[in-house]
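Undergrad: My structure is below; once you've seen it, I'll send some questions.
Rule-based calculations on the coordinates, nothing more; no lab input. Model, not experiment: these values are computed from the prediction. Glycine also receives a Cβ, built like all others from the backbone with ideal geometry; neighbour counts cover every protein chain displayed.
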Amino acid sequence: MKKSWSNFRFSNTPLMQSSTNIIFKSFIFCILAIIISCNPLKNKNIESSVNTFDECIYPKGAFIYKNYLIILGKNIVSGLTSREIRDSLEYSKKTKIIAIDLYSNKIDNSAFRQMSTDNLFWLYVKNDTLFGNFKSSDRNKNNWAFWNNGEWIETNDILGRIKFNSSLLRKDCHLIFEDPLYYIYSFNQGEFGSAVIFLNKKTEIPHGYPMPQPVQAFKENNNYIVTGFFDYTNGSEVIEFANPDLLPVIPDSLIQYSPQKKEKYPKLLYLDQYLEFQILLALPDSFQELIRETEKHKFDETRIDDSTTLISLSFFGIFDSLLRYTEKAVYILDNKFSTNRSGLFCKAVIPYRNKRYCLFDDYEYLYLCKLNSSNMDTVFESRFYQFKKPVYYFIHNFGETQLLFCNYSEWDSFNSNFKCILINDNFIKTYHFTPED
């Protein structure tokens, strides 16, 4: 029986050479060149293979399931206008799936040939099982099934029929990580507040911490690493949590399990301010006088000046700096309010060979850097590759393998150029999708 790819380990596999005529050369070669040149075991446990596929698909996402890399997307017909392409993507009931065997590095759809993709909205991989989320006639409820021996088997909602799912707070959250202990959510109301929420699976009690919009979470040495950034500024943070149950509990008044009425517009909860205040109150007595004085001056100046934006930012900056003294969180990287000479912000952290690397973004390029300091400029100095920024990209972890997905095509392009990069402690593999016009 084949092992799950997320836990697969190569043993004494020689470094494979790739073609030099690939249309879009992967930045991963430079990563390998540097890592291998500094690694005394350079010829032992790393495999790099780059394949190029001529497939016409507009990708929605990518997943690792057993020994397959699965691309989920839509078929796009050439010769359409931009509006027709958008309508085709939005209203098409048919979903296209491409499966790549990660052992042979070739497309092999045989295991999924009988898979019905009508009304398939999304795929999830959980406990080495593939689940499908299907649209239904009820706009407020989707149907679920798991893939078993060539057919879909109906099942319950795998995201859990937990009490939190029916709350008002949940409407502004999306799940970014799950393990046997916690659901980890990203709460985001834009400039009105964002936070990471840890929902204890056993107690169903949510704990939270204020930070820029969380976009990524993973577990390392029993601790949780969360990356977040602001869309509207170049602020970002990478924070490590050893025990999420020690973070402030979110009260029922903010969760609102049974909303009284449907809001025409999203109700502003200011969850980040509540969490921030709870953390500040728990700081030692030596900080409390400063907190009271700062709060008093903030109130006084706000009454005098109706233009409170800059005033609020200055006082929020003071409060935010005091959060660094809490013992409940460790700031690995932090430029939430401070500026850096490069105008950079962190989009993701990638663990590799017991070290951490990060992706920096400056709106034009992505940079791969060694995460060796909490100072943005210091980390930027450690960069060892840059590549043109994709139109959109995401990074997910599947077991011990990180999947970086980069799409380089605009929304109205019927041919999508994208790449999938798999990063594991023992290998880096890159797959290019470069359809011909």
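Undergrad: How big is the stretch 346-437 in terms of Cα radius of gyration and Dmax, in angstroms?
TA: 14.2, 45
Undergrad: Can you tell me the FRET efficiency between residue 386 and residue 267 if r is taken as the Cβ-Cβ distance and R0 is 41 Å, rounded to the nearest 0.05? Display every interim value, and only then the final one.
TA: Details: r = 42 Å, r/R0 = 1.01.
Step by step, r from the Cβ atoms, then E = 0.50.
Undergrad: Take the Cα atoms of the stretch 167-250, build their convex hull, and give its volume per residue in Å³.
TA: Working: hull volume 7.2 nm³, N = 84.
Value for the stretch 167-250: 85 Å³ per residue.
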